[in-house]
Structure formats: structure tokens, C-alpha cells
Amino acid sequence: MTEAAVRVRVEGRVGRITLNRPRALNALNHAMVDRIAGALDAWEHDPAVTTVVMEGAGERGLCAGGDVRAIREDALRGELEAPLAFWRDEYRLNARIARYPKPYVALMDGIVMGGGVGISAHGGVRVVTERSLVAMPETGIGFVPDVGGTYLLSRAPGELGTHLALTGRPVGAGDALHCGLADHYLPVAGLPGLVEELAQAPAGEDAAATVARLAHPAPEGELAAQRDWIDACWSAPTVEEALERLDASGEPAAKETAETVRGRSPLALKTALAAVRRARALPGLEAVLDQEYRVSAHALTWPDLAEGVRAQVVDKDRAPAWLPATLDAVTDEAVAAAFAPLGEGRELGLG
């Protein structure tokens with residue numbers, strides 16, 4: 001089963017990892033995380049492998065995230081150890097990818113969301129295509145951006161990361177590049193040729209230079225032109241004030257953003273805002289992943305996570321009943337509790 005869900009092989013000088021659950025949009029489970037980690041272990045000291053390529057099977061996307069149905073079922077049964085163990089190994093893999101000593105080329109074609117961002121956007125060479133849709137949509141399922149997402153978004157220009165973290169909005173290639181979530185643009189038709197060149201590259205040839213040579217100019221994104229109202233609104237100290245500024249800005253896109261945000265989990269929104277702002281002050285990815293693990297562990301006990309997954313993924317009625325139902329009912333103490341230490345032996349302990 002694990003072999004089928006993640007295809008691992010060596011082609012020329014490339015170690016090639018293909019997520020192979022296309023019907024599930026290549027959603028990650030624990031066995032897949034372990035399989036990827038094992039491949040990276042095997043190739044790290046293998047002189048025959050000079051570059052790692054991460055890709056997804058099918059035409060719909062690299063990876064739509066983690067298997068949230070399974071996480072919901074565990075949470076409803078009160079069986080929390082399985083999702084905690086999954087996140088522990090997933091976040092460790094995210095950190096491993098970021099510091100991997102060989103070029104790690106992520107082909108971020110199609111849908112790249114949640115856990116898909118974690119196994120791609122921390123890589124050394126990140127390639128987007130005309131089909132790319134990159135997002136951290138967690139607030140829509142009563143959760144908070146994780147897998148190092150708050151690290152990446154906290155370091156985007158201005159308040160763009162805050163905007164993406166709280167709205168969950170997917171961005172295309174141009175905006176992914178502008179926000180620092182990707183490095184190069186290449187039309188999907190060029191991906192097979194890229195992998196072939198990497199596989200046949202002479203010893204010592206730099207993979208990043210090969211990708212840069214084949215890359216095309218990216219289509220223009222939308223967010224750079226919207227920085228004025230995004231920065232003005234999302235620099236507010238609270239979600240409530242940000243919504244007031246969005247309502248008052250007069251920009252149609254700001255009004256649409258406010259409507260989107262009002263549909264998200266109030267507790268997740270306030271916690272996500274705090275997580276992104278705290279991440280800005282942390283020294284690096286490992287420290288942020290430690291923080292995210294704490295938040296994820298606490299969020300696992302929230303009613304909103306199970307309810308959000310029900311509404312968006314299971315029943316698909318798109319009508320979650322959040323608890324608390326309003327932003328003003330979410331106390332500062334409730335937000336602070338999401339960052340509370342987990343206790344000895346239960347922390348992620350990367351940073």
C-alpha cells in the first residue's frame with residue numbers, strides 16, 4: 001500500500017518521488033510521510049543521486065494536504081495519538097526538506113495546499129506552472145496553517161502572508177513567486193524535459209542553474225497591485241478591526257475578502273493571526289514548527305476542526321456551525337491557550 005501511494009525510484013542522477021493517490025488529490029497520510037523520509041535518508045549519502053524531484057501523479061495537483069477525514073475521525077473518537085504522531089513526523093519531514101543537503105526540486109503543478117505546501121515550498125528549488133493553485137486553507141476547516149506555513153507567510157511582503165493565512169485564498173504562479181512560495185515558472189509542458197535534463201546532467205552541474213535556464217517569465221499576479229489595501233487592513237491589531245478596515249476601504253476586492261473571512265472559524269482566525277505574528281519574531285523554521293505543533297495539538301480538541309472538515313469535506317454542505325460562533329466570543333485567553341506548552345516529552349523539539 002505504501003509503495004503504491006508513493007512511488008520512489010532513481011532515474012539517471014535524479015531520485016524521483018511521486019505522490020500516487022491522484023483520486024485523493026495525493027493527500028498525505030502517515031505511511032506516505034514515512035516513505036518520503038526513508039527515500040531522503042537513502043539518497044542523502046548516495047553519490048549516484050545528485051538531485052531529488054518531488055511531484056504528484058495525475059493532472060490535478062501535487063498534493064491537496066493531509067488526510068483530514070482520518071484526522072476528524074480520530075478526533076471524534078478521542079483518539080488523539082495517531083494524528084499527533086502523524087504531525088510530529090510530517091513537521092520533522094518539512095524541516096528535513098528545508099535543510100536537505102542535495103538540491104530538492106519541487107514541481108508545484110496544480111493544487112498545492114496545506115501539507116502539499118509543506119513538502120514543496122521548503123525545498124531549495126520550487127517550480128510553479130500555469131495550473132498552480134497554492135494555498136493554506138486551514139481556517140476554512142477550523143484549523144490553523146501548519147507544516148511551516150506560518151513561517152513562509154510571516155515572511156511574505158507586507159501583510160500578504162496575513163491575508164493568505166486568514167482567507168485561505170489560493171494563489172497562482174505569479175503571486176506564489178511574489179510571496180516567496182516558489183522560485184521559478186515553467187509551463188507544464190516543459191516539466192518532463194526538465195526532469196530529463198536533471199537526470200542526465202553531468203556530475204557537478206548545479207540543478208538550480210538548470211531549472212533557472214529552462215524557466216519562463218511568469219504571468220503577472222494580482223497581489224502586488226493590491227498591497228495598499230491589503231497592508232492597510234491587515235496591519236490592524238485584531239481580526240475585528242481588520243474586518244472594519246476591509247469594510248470601509250471601498251475596494252471591491254476588500255469587501256469580498258471580508259465576506260470570505262466572516263465564513264471562517266472565529267477561533268481559527270484569531271489563532272492564525274497570532275500564529276503568523278508570533279512566527280515573525282521566531283528565529284527560523286524549526287522554532288516555528290515547534291509552535292505550530294503546539295497549536296495543532298490544541299486545535300485537535302476544538303469542536304471547530306471536526307465540524308469544519310464535516311462541512312467542507314465530508315457532507316460538503318459548506319455550512320459549518322462554528323463554536324464560538326462569533327469573533328467577539330473568542331477570548332484572548334482562548335487564543336493564548338493554543339500556544340501553551342504541551343508538557344515534558346510531548347513537544348516537537350526541533351528548535
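The values are calculated or read from the model by the stated rules, or taken from the named source; none is laboratory data. In this text the structure is predicted, and so the values were computed from the model without any measurement. Virtual Cβ from ideal backbone geometry, glycine too; neighbours counted across all protein chains shown. For the accessible areas, the whole protein counts, side chains as well, though only heavy atoms, and no ligand, DNA or RNA atoms are used. Shrake-Rupley method; radii C 1.70, N 1.55, O 1.52, S 1.80 Å.
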Looking at (1) within 24 Å of the chain's Cα centre (by Cα); (2) at pLDDT below 95, find the lone condition where Val239 falls short. (2)
In segment 332-349, what residues are surrounded by fewer than 10 Cβ atoms within 10 Å (Cβ to Cβ) and over 20 Å from Leu289 (Cβ atoms)? Glu333
Just to be sure, is Gly38 open to solvent by 20 Å² or more (accessible area, probe 1.4 Å), part of a helix (DSSP H, G or I) and over 14 Å from Gly118 (Cβ atoms)? yes
Here's a check for you: in segment 1-33, which residue that is in a strand (DSSP E or B) and among the charged types (D, E, K, R) is nearest to Pro202 (Cα to Cα)? Glu11
Only one residue in Glu55, Glu79, Glu90, Glu73 is outside any helix (DSSP H, G or I), over 26 Å from Leu194 (Cβ atoms) and among the charged types (D, E, K, R). Which one? Glu79
Residue under evaluation Pro145, criteria (1) out of contact with any Asp or Glu (no Cβ under 8 Å at 6 or more places or on another chain); (2) part of a loop (DSSP other than H, G, I, E, B); (3) open to solvent by less than 10 Å² (accessible area, probe 1.4 Å), criterion not met: (1)
Out of all the residues in segment 203-237, which are under 24 Å from Asp328 (Cβ atoms) and exposed (fewer than 14 other Cβ atoms within 10 Å of the Cβ)? Ser235, Pro237
Would it be correct to say that Ala281 is open to solvent by 10 Å² or more (accessible area, probe 1.4 Å), among the small types (Gly, Ala, Ser) and within 21 Å of the chain's Cα centre (by Cα)? yes
Residue pairs meeting the criteria (Cβ under 6 Å; at least 6 apart or on separate chains; first within 20 Å of Ala272 (Cα to Cα), in segment 338-351; second surrounded by 11 or more Cβ atoms within 10 Å (Cβ to Cβ) and polar (S, T, N, Q)): Ala338/Thr271
Here the qualifying pairs (Cβ atoms under 7 Å; residues six or more apart or on different chains; first in segment 187-198 and more than 20 Å from Ala218 (Cβ to Cβ); second basic (Lys, Arg) and surrounded by fewer than 18 Cβ atoms within 10 Å (Cβ to Cβ)) come out as none
Could you give me the residue pairs with C-beta distances under 6 Å whose first residue belongs to segment 20-41 and is closer than 13 Å to Glu90 by Cβ and touching a residue at least 12 places away in the same chain (Cβ under 8 Å), whose second residue is open to solvent by 30 Å² or more (accessible area, probe 1.4 Å) and of a type outside the set (A, V, I, L, M) wherever it lies, and which are 6+ apart or on separate chains? Ala27/Asp67; Asn29/Asp67; Ala31/Thr2; Val33/Asp89; Arg35/Thr2
